[in-house]
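Scroll down for the structure; my scribbles are underneath it.
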Number of protein chains: 4
Amino acid sequence: MCRFITYSGAPILLADLLYRPTNSLIMQSHHARERAEPLNGDGFGVGWYVPDIDPSPCVQRSVNPAWSNHNLQNLALKVRASSLFAHIRAASPGMAVSETNVHPFSYDRFMWMHNGVAAGFHQIKRRLRDHLKDEFYDMIQGTTDSEHAFALFLNNLRTPFGETSPDEMRRALCETIGRLNELTRGAGITEPSFYNFAVTDGRATIVSRYSSGENIEGASLHYSRGRQFECLPDGVCDMHTVGENQRAAAVIVSSERLTDDASDWERVPDNHTVTVLPDSVVSVEPIDL
Amino acid sequence: MCRFITYSGAPILLADLLYRPTNSLIMQSHHARERAEPLNGDGFGVGWYVPDIDPSPCVQRSVNPAWSNHNLQNLALKVRASSLFAHIRAASPGMAVSETNVHPFSYDRFMWMHNGVAAGFHQIKRRLRDHLKDEFYDMIQGTTDSEHAFALFLNNLRTPFGETSPDEMRRALCETIGRLNELTRGAGITEPSFYNFAVTDGRATIVSRYSSGENIEGASLHYSRGRQFECLPDGVCDMHTVGENQRAAAVIVSSERLTDDASDWERVPDNHTVTVLPDSVVSVEPIDL
Amino acid sequence: MCRFITYSGAPILLADLLYRPTNSLIMQSHHARERAEPLNGDGFGVGWYVPDIDPSPCVQRSVNPAWSNHNLQNLALKVRASSLFAHIRAASPGMAVSETNVHPFSYDRFMWMHNGVAAGFHQIKRRLRDHLKDEFYDMIQGTTDSEHAFALFLNNLRTPFGETSPDEMRRALCETIGRLNELTRGAGITEPSFYNFAVTDGRATIVSRYSSGENIEGASLHYSRGRQFECLPDGVCDMHTVGENQRAAAVIVSSERLTDDASDWERVPDNHTVTVLPDSVVSVEPIDL
Amino acid sequence: MCRFITYSGAPILLADLLYRPTNSLIMQSHHARERAEPLNGDGFGVGWYVPDIDPSPCVQRSVNPAWSNHNLQNLALKVRASSLFAHIRAASPGMAVSETNVHPFSYDRFMWMHNGVAAGFHQIKRRLRDHLKDEFYDMIQGTTDSEHAFALFLNNLRTPFGETSPDEMRRALCETIGRLNELTRGAGITEPSFYNFAVTDGRATIVSRYSSGENIEGASLHYSRGRQFECLPDGVCDMHTVGENQRAAAVIVSSERLTDDASDWERVPDNHTVTVLPDSVVSVEPIDL
């Protein structure tokens, strides 16, 4: 189990998402609030897009804890992004802490993160890989359920990279969950799996909140949408609400609320996806498998 | 603030001290019990002696968290030591997480660890260094109060390396605390300092529990002494009591009790030292400055 | 292409193999002599056995260069081993520098190293994996041809771990080479592959020198056998020859000669294996596929 | 001895300086041409300015070799800078490989790099530090001669940060060399020192080429000035010459020529400085001490 955050909207300094909020992602790396275990110290990753250079993301990952990483601290104070993924890892038991296992995973223009676990993953790994086209089979560098789910997602896409619509991304993500369910059921695994996945192509972002267990809640997930997310010099961060004749230009989807102002945040219902479009339109839809 | 452990006695597998006890040092790296903040994830170090090779210790250090380090896991299952220091670090604010700042520090045959903080260290650092002989001035590789205190300790020794008695080591350690007090007082620093120091030459070990603040308790410190410290295959670890006609052959001094059996552990009183001699004799004495 | 060394015999300080010889493995990490590219800076690993504790090896690996690693320097001065593997890596193009890709690989009581490359590995990887029993399929943590060859070797063993004879180990190693040849041929790959493999169970060691290309020499491989390998205080290291009424008690197999005294070293012929038995008996045999 | 590069001019993709030229800095990390030892594998650092955010640089450093660092590879493809410092380190004997010893060093708006060595540095370190104001004494995090020289440079500045003219920077740099000469002479050190220093405040850049030994050449240093430095899709990189009615807008100062076209490069004479002004005006002046 891990924690993650996505941002889409007007360019924002990374530090305003990662360091400055009361319950920032860096704070969550050692003092997460909404999971039983507050520690997410098994590495971190951030990725963002520089669309005027090329459509693939700039990903920076490390197995070191996020809270003490000087390079991340320096970057966060100097990079502005309009589309960001960031993740802090708490390695599941038996999953190695190695750079190849750190999120976000990326391929071509896509980034992928996971907060959760595929129950009994070792029992389904081989069959999962058998489904994959060579390209995505070969893409896998590490050993996590998360990266394998990413390969499955890419395998499910029906349109060429660069022509994928938000709807198609959402469909492929839901198909990924459905396929994982088939695989675990087929292997006789009865423990619940947790699939909070986030995927983006640098334009649209889809995030799922999903638990395969009946009456078992998925991992926490929230979003916040407004005119601008801003951290003032006094250290208070806030999502400004959209006034009349104004447009939303900032959407955060996050495992935990970053700020104490609960009115800024919507809880994503279980077994739903959040879709964030380039114009900051957000839709929440049930996952029908 | 950090956590540490020292062991002296019959050879013991490192895993039996570092991993297997209920409240092992590795457990304390993410779930310390006896300090407000349970996390000690800013690196770790272990050092032990191989006296049939030479009198200097074998030190292994890393800025990575102890809980996920494969090399430490492997070593701990294959190395037996009769004299061990181990430390997990929680960097004080403003102290860099870098390998040169990881404990134990070592020089010649000595190892040194610190759990605590010299209040206002940056205000006394320069005057502290002015006291040092060139040899110990040049020895310093990092920026911590802890390593500087070690340099002060070595500077205070009146006998050549290799001829230092346990009494002389204890005297130099107490003088180190006294000198630090003079320096902080001289700089007008009024916040309390905490000096749980551990030093060994591979034969005797001295550990202090000290707070410079009136009516302010020092960081926790315990010791356990017995015939043998053993972890059974069922996972239960225990210090065996010394029966009639038996001799003590195992002494642990530790920031926290490693096991739940409180009767195995003695709390070190504030402003006292624990001295562990090579024959496992333990003495607890007040620090008179 | 990489460099490696194996040692079997009377206990020897690691530094006497890794650091002190004129052309030590650490020297080869930046100034290898017998390959076109002198740099092997993409990580290192060492593994040795402590048979009175258990039959699995103690492996220490890092992606950092060997030449500057303080932990390795300290360990090498304090650990004696009677069975050692050590490896320095020069990552093949396209193979990630990550801890999971560093040699020696280990599983149960076996260690495995590789100096060479399976040509067109990405084209045979999937079929190779299809051959593997689940246990060895799941064992794979990284992405190298080398680790996959290790999985194939384990898959080829016909006897349970712990009951494997040196002959059976040699047979399985040769079968591994044969199977790799089948796979690359089947994929239409015509470039030569290089399979200098080393495997040990902590008692016997088998090392191959093999090139699949006709008239293309395999990577360099040498061995030295004598009464004792010793480094004198003046820095000169030497394999003492076996006199009358004396027994050999030290065998080194190494990608490069460690010392300048060529008379101490035998060149392993192409497409042969060297087998080192626990009593330091060495046999060199052709690889018949 | 190390290798470094500075760039000032129109924004350029980091990859076009660090990776794409024939003799790029990354190439020099394993195959440097103009020093006896081709290896510079003891860490790397890059720093650049984002002036619309704040005047301090964004520095990224690592003890890992530059050639295999994924984060650097990714960043270099996505960051454009108009003022860049980059450095690859070959640690001098006895200087630890630790993150705090990696260049460029930075403080407030300044960055500093060094290619060379202060002879007998350990004999002058303490007296050098005695000269420093507390602010710069406390700034020092590592143990290198290079970082101590940076502290001396800052100590020599007579104007507040942010108001320092290029002339004042040059004067302070030359004074630093003079002071180091006094210190080594005073300590009776007769071996030559090498002081190729580079300093910038994000606007002007001063680089020295200096050897304190009579008739002993300083480390290599070159510069290239033109309209634009460009790497074409076919992989050829070139400094475009300034035509009539055109202005220079790109200046590289580098330990080695990055490209094979020698006509693009000027060799900096021994014991001279190169000053690069914000408008790409370059002046080469002798160092008079």
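The values are calculated or read from the model by the stated rules, or taken from the named source; none is laboratory data. Not measured: the values here are computed from a predicted model. So basically every Cβ, Gly included, is an ideal-geometry build from the backbone, and we count neighbours across all protein chains shown. For the accessible areas, the whole protein counts, side chains as well, though only heavy atoms, and no ligand, DNA or RNA atoms are used. Shrake-Rupley method; radii C 1.70, N 1.55, O 1.52, S 1.80 Å.
Converting phi to 3J(HN,Hα) with the Karplus coefficients 6.51, -1.76 and 1.60 and the offset θ = phi - 60°, segment B:223-231 yields 9, 9, 9, x, 6, 6, 9, 9, 10 Hz in sequence order, with x at every glycine or proline.
Relative contact order of segment A:13-163, please, whole-number percent, based on alpha carbon pairs below 8 angstrom and at least 6 residues apart. Normalised by residue count, the contact order of segment A:13-163 is 21 percent. Write out the cysteines belonging to chain D for which the nearest other cysteine Cβ is not under 4.7 Å, or none if no such cysteine exists. Here D:2, D:58, D:174 come out as lacking a disulfide-compatible partner, given the Cβ-Cβ threshold of under 4.7 Å. Inter-copy label distances at residue B:215, shortest first and taken from points set 7 Å along Cα to Cβ: 5.4, 7.7, 9.4 nm.
Solvent-accessible surface, computed for protein heavy atoms with a probe of 1.4 Å, shrinks by 30 Å² or more for the following residues of segment D:132-162 when the other protein chains are added to the isolated chain: D:137, D:138, D:141, D:143.
Plainly put, the tip 7 Å out from Cα toward Cβ on residue C:163 is 6.0, 6.3, 8.7 nm from that tip on each other copy, the closest given first.
Each principal axis of the Cα cloud of segment B:22-90 was taken in turn, and the coordinate range along them, longest first, works out to 41, 22, 22 Å. Panel note: contact residues of segment B:67-81 (accessible area lowered by at least 10 Å² against the chain on its own; 1.4 Å probe) correspond to B:67, B:68, B:70, B:71, B:74, B:75, B:77, B:78, B:80. In this structure, the residue pairs whose Cα-Cα separation is over 19 Å, taken from A:133/C:125; B:125/D:133; B:78/C:78; A:125/C:125; B:133/D:133; B:133/D:125, are B:133/D:133.
What accessible area per residue comes out for the protein assembly as shown, rounded to a whole number of Å², with a 1.4 Å probe? Can you show the working numbers first?
Details: 41950 Å² over 1156 residues.
Per residue, the protein assembly as shown has an accessible area of 36 Å².
Given segment B:158-263, what whole percent of its Cα pairs are spread farther than 18 Å?
Details: 3503 of 5565 pairs.
Every Cα pair in segment B:158-263 considered, those over 18 Å come to 63 percent.
Across the identical copies, the label point of residue C:288 (7 Å from Cα in the Cβ direction) is separated from its matches by 6.9, 8.6, 8.6 nm, in order from shortest.
Could you tell me what percent of the accessible area of segment B:175-289 is made up of carbon and sulfur, with a 1.4 Å probe and every protein chain present? Provide the component values of the computation, followed by the final result.
Details: 2260 of 5180 Å².
Taking all protein chains in place, segment B:175-289 shows 44 percent carbon and sulfur surface.
What is the interface area between chains A and C, defined as buried accessible area summed over both chains with a 1.4 Å probe, reported in Å² to the nearest 100? Present the calculation step by step, with values, prior to reporting the outcome.
Values: alone 12520 and 12550 Å², together 23620 Å².
Buried area between the two chains comes out at roughly 1500 Å².
Beyond 35 Å, how much of the Cα-Cα pair distribution for chain D remains, as a whole percent? Of all Cα-Cα distances in chain D, 11 percent exceed 35 Å.
Computed 3J(HN,Hα) for segment C:240-257, one whole-Hz value per residue from the Karplus formula 6.51 cos²θ - 1.76 cosθ + 1.60 where θ = phi - 60°, is 6, 6, 7, x, 4, 6, 10, 10, 5, 9, 7, 10, 10, 10, 8, 4, 10, 5, glycine and proline marked x.
Per the Debye calculation on segment B:1-157 with a single equal scatterer at every Cα and no solvent contribution, log₁₀ I(q)/I(0) for q = 0.17, 0.18 Å⁻¹ amounts to -1.00, -1.10. Eigen-decomposition of the gyration tensor built on the alpha-carbon atoms of segment B:97-195 gives equivalent ellipsoid semi-axes of 21, 16, 13 angstrom, largest listed first. Axis-proximal residue of chain B for the rotation onto chain A, reported as residue and distance in whole Å: B:41, 3, based on Cβ position. Between 0 and 90 degrees, the angle of helix D:166-186 with respect to the longest Cα principal axis of chain D falls at about 40 degrees.
Tell me the mean residue ellipticity at 222 nm calculated for chain A from its helices only (DSSP H runs of n ≥ 4, each -39500 (n - 2.57), averaged over every residue, nearest 500).
On the way: 7 runs with 68 residues, N = 289.
Per the formula, -7000 deg cm²/dmol.
Shown in residue order for segment A:76-83 are the 3J(HN,Hα) couplings computed by the Karplus curve 6.51 cos²θ - 1.76 cosθ + 1.60 at θ = phi - 60°: 4, 8, 10, 10, 10, 9, 9, 8 Hz (x for Gly and Pro). For segment B:125-181, taking Cα atoms only, Rg and Dmax work out to 11.0, 30 Å respectively. Here, segment D:193-232 has an Rg and a Dmax of 13.8, 43 Å when only alpha carbons are counted.
Taken over the alpha carbons of the protein assembly as shown as equal point scatterers, the Debye sum produces base-10 log I(q)/I(0) values at 0.08 Å⁻¹ of -0.97.
Assuming R0 = 45 Å, what is the FRET efficiency of residue A:216 and residue B:240, from their Cβ-Cβ distance, to the nearest 0.05? Each step should come with its number before you reach the end.
Working: r = 45 Å, r/R0 = 0.99.
Efficiency at R0 = 45 Å is approximately 0.50.
Report the relative contact order of chain B, percent, no decimals, based on alpha-carbon pairs under 8 angstrom and at least 6 residues apart. For chain B, the relative contact order is 21 percent.
Residues of segment B:45-62 whose accessible area (probe 1.4 Å, heavy atoms of protein chains only) drops by at least 20 Å² once all protein chains are present, relative to their chain alone: B:50, B:52, B:53, B:58, B:59, B:60, B:61. Shown here for segment C:200-289: trypsin sites (Lys or Arg not before Pro) in loop regions (DSSP other than H, G, I, E, B) with at most 12 other Cβ atoms within 10 Å, namely C:247.
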